[in-house]
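Each remark here refers to the structure printed beneath this line.
Derivation of every value follows stated rules applied to the coordinates shown; laboratory data play no part. Note that this is a predicted model, so its numbers are computed, not measured. Please note: Cβ atoms are built from the backbone with ideal geometry, for glycine as well, and neighbour counts cover all protein chains shown.
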Amino acid sequence: MSASSSNGSATGSRGAAKVLGAVAVVVAVLVYAVLKDLSGYHGNWTGFIHFGVDFAAGTHPPHGAIVLHGANADGDDGQFYYLIAQDPLHARLAGLSGQTFRALRIGYPLLVSLASSISGVSVPVAMVVVNFVIVLVVTAGFAWYALRQGWSPWWALVLGLLPGFLTATLHDLTDPLSVALVLAGLIAWTHQRRWLAATLLIGAVLTREADVVALVAVFLDQLLMSRRSEGGPGWIRRFLLKIGPILLPAAVFLGWLTYLVLRTRGMVPLASSTFPFHTFVDDADSALGLAHSGQTYWALTYEAIMVAAVMLAFWCAVRRPDALSIAAVGFVMALSIGSFAPIWSDARDSLPVLSLLLVLGLRDRRRLNLAVCVAAALMTPVLLVLPGVLA
């Protein structure tokens with residue numbers, strides 16, 4: 001065996017060890033958090049779903065399920081995904097009681113339904129396990145991608161430890177699958193894997209309607225690229241030919257939306273929104289009213305991190321406008337959608353922005369991007385020890 005092949009083998013082994021190391025750390029964090037919550041729920045997996053008594057008549061919690069009352073009587077989104085997972089294509093939409101837009105997000109419930117049917121485990125268990133596996137796949141996949149790009153695989157640890165992955169896993173939400181598909185789809189697009197990108201983005205837009213932002217980003221990226229490199233007569237026709245693959249996820253999303261509108265007789269409202277960035281003010285005000293001072297400090301610190309992330313997203317788009325940076329700005333604008341609990345909502349809503357900033361930081365060697373992402377990831381272990389966060 002030659003010295004060069006020996007060195008290559010050793011380098012590959014070290015890279016694999018780093019990939020496994022990053023995954024192992026994320027596994028340890030998720031296992032601790034899931035077991036801690038499961039203990040608080042006395043072994044009842046329905047606790048992760050967060051059924052609320054206000055919607056219980058429509059979501060039909062299983063016998064013995066934990067149902068929240070009082071200040072948390074409205075529960076969380078997981079209760080609607082539980083309902084859809086029972087029969088993804090023919091869910092009892094009347095039971096969503098004004099929340100029918102959740103039915104647009106069929107990707108995660110469909111995956112849960114398949115996992116439950118194949119493995120034989122209950123839907124509440126499958127909801128947690130599916131998100132757990134997705135986070136591990138994201139971490140491992142990004143570690144291998146980083147290795148191939150010449151970056152340290154340990155950066156995958158920053159991605160896997162972003163607070164949004166943890167909070168979404170503990171609340172049975174769509175965000176891990178959504179971000180995984182968006183990130184993979186946009187990376188595939190930047191590497192000219194157009195049909196692979198289109199396939200991944202079909203899954204993304206069927207998992208969370210806000211992921212249409214990624215389609216807009218790809219469209220604008222190709223428009224700018226075609227105008228710069230192929231200006232002159234006929235550039236519009238060439239642009240339309242190249243953008244062809246991305247029209248497929250747009251058509252699928254519109255088809256699914258049309259199907260739901262026809263089924264519900266037009267009752268599929270989109271998520272409500274507020275004035276852009278008004279949610280930052282609302283969440284800061286809510287943070288000051290949290291029961292524990294530790295939660296208040298965490299929420300306000302995370303708000304500061306997100307303000308920095310917002311500014312960096314715009315800066316990246318100005319400096320190098322492409323699918324990744326334009327998508328980051330698009331998801332920044334989506335932060336104006338809704339205003340809920342400052343810890344749980346901010347962590348999940350910021351997930352696509354921070355994930356894209358991490359890729360942009362590594363690709364373009366932007367240290368501020370990386371610093372903000374590291375700061376956000378370091379907030380996760382703090383979250384684990386805050387009183388009143390885990391069950």
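Taken along its principal axes, the alpha carbon cloud of segment 14-385 reaches lengths of 66, 48, 42 Å, longest axis first.
Given +1 at the Cβ of Lys and Arg, -1 at the Cβ of Asp and Glu and no other charges, the dipole of segment 14-385 around its Cα centre is 1620 debye to the nearest 20. Taking Lys and Arg as +1 and Asp and Glu as -1, the other residues whose beta-carbon sits under 14 Å from that of Ala140 total +2.
Taking the convex hull of the alpha carbon positions in segment 96-152 and averaging its projected area over all directions gives 5.6 nm².
P(r) tail, segment 29-78: Cα-Cα pairs separated by more than 17 Å, 35% of all pairs. Among residues other than Arg319 whose Cβ falls under 11 Å from its Cβ, what is the net charge (Lys/Arg +1, Asp/Glu -1)? Value of the local net charge: 0.
Using a cutoff of 8 angstrom between alpha carbon atoms and counting only pairs six or more residues apart, the relative contact order for segment 14-385 works out to 17 percent. Summing +1 for each Lys or Arg and -1 for each Asp or Glu among the other residues whose beta-carbon sits under 15 angstrom from that of Trp45 gives -2. Projecting label points 7 angstrom from Cα along Cα→Cβ for Val25 and Ala57 puts them 5.0 nm apart. The alpha carbon centroids of segment 117-140 and segment 29-70 are separated by 16 Å. The slack in the chain from Arg367 to Arg237, taken as 0.36 nm per residue of separation less the alpha-carbon distance, amounts to 42.9 nm. Over segment 302-391, what lengths in whole Å, largest first, do the semi-axes of the equivalent ellipsoid take, defined as the square roots of 5 times the eigenvalues of the alpha-carbon gyration tensor? Its equivalent ellipsoid spans semi-axes of 24, 15, 9 Å. In terms of its C-alpha gyration tensor, segment 125-255 has an oblate overall shape, because the principal axis ratio a/c (a ≥ b ≥ c, square roots of the eigenvalues) is not below 1.5 and a/b does not outweigh b/c.
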